[in-house]
1. Go through (1) in contact (Cβ under 8 Å) with a residue 60 or more places away in the chain; (2) over 16 Å from Gln1 (Cα atoms) for Val30 and report which single condition fails.
2. Using the structure shown, decide if Arg35 is touching a Phe, Trp or Tyr at 6+ places or on another chain (Cβ under 6 Å), closer than 19 Å to Val119 by Cβ and of a type in the set (D, E, K, R).
3. Exactly one of (1) within 20 Å of Gly107 (Cα to Cα); (2) of a type in the set (S, T, N, Q); (3) surrounded by fewer than 15 Cβ atoms within 10 Å (Cβ to Cβ) is unmet by Ser46. Its number?
4. Do you know which residues across segment 21-34 are under 10 Å from the mean Cα position of the chain (by Cα) and surrounded by fewer than 23 Cβ atoms within 10 Å (Cβ to Cβ)?
5. Pairs needed: first member in segment 1-20, charged (D, E, K, R); second member anywhere, not in a loop (DSSP other than H, G, I, E, B); C-beta distance under 6 Å; at least 6 residues apart or different chains.
6. Identify all residues within segment 45-66 that are at positive phi and either under 14 Å from the mean Cα position of the chain (by Cα) or at pLDDT 95 or above (or both); write none if there are none.
7. Out of Arg35, Arg113, Arg69, report the one residue that is closer than 13 Å to Leu20 by Cβ and modelled with pLDDT under 95.
Amino acid sequence: QVQLVESGGGLVQAGGSLSLSCAASSAPGVMAWFRQAPGKVREIVSAIGWLAGNSYYAPSVKGRFTMSRDNAKNTLNLQMNNLIPEDTAVYYCAARDNGRIIILERGYENWGRGTQVTVSS
């Protein structure tokens, strides 16, 4: 069982930036960010294969969000730029043991508690 602790998030105006971090208790196969807006299903934002370094970004965030990682600390960061109100959601860090990136939440065994991101117009 991988323990995940998120930090970051908050309130920002449209066009602004925020960053999130997720610290894992051990190296995962894949680490990902999901988000869930009010009344909507949880959706993947981005994911990275920890050993291979391959990555995935949802089309809605590609070009605006960037992942970076600290292998020594098993930490994944998400830099979110040019935020829009539609990015408002609770953001969750997730991890799975298998190193293959998948975009469905049911493929992830470990979840953080989530952190709120609110973008005002």
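1. Unmet for Val30, out of (1) in contact (Cβ under 8 Å) with a residue 60 or more places away in the chain; (2) over 16 Å from Gln1 (Cα atoms): (2).
2. It is true that Arg35 is touching a Phe, Trp or Tyr at 6+ places or on another chain (Cβ under 6 Å), closer than 19 Å to Val119 by Cβ and of a type in the set (D, E, K, R).
3. Of (1) within 20 Å of Gly107 (Cα to Cα); (2) of a type in the set (S, T, N, Q); (3) surrounded by fewer than 15 Cβ atoms within 10 Å (Cβ to Cβ), only one is false for Ser46: (3).
4. Taking segment 21-34 first, the residues under 10 Å from the mean Cα position of the chain (by Cα) are 21-22, 31-34.
If the condition is that a residue be under 10 Å from the mean Cα position of the chain (by Cα) and surrounded by fewer than 23 Cβ atoms within 10 Å (Cβ to Cβ), then Ser21 is the only one that fits.
5. Glu6/Cys22; Glu6/Cys93; Glu6/Thr115
6. Start the filter on segment 45-66 by keeping residues that are at positive phi, which leaves 53, 63.
Correct list: Gly63 only.
7. One residue alone meets the criteria, Arg69.
The values are calculated or read from the model by the stated rules, or taken from the named source; none is laboratory data. Fair warning: this is a prediction, and the values are worked out from it, not measured in the lab. Every residue, glycine as well, gets a Cβ built from its backbone with ideal geometry; the counts of neighbours run over all protein chains shown.
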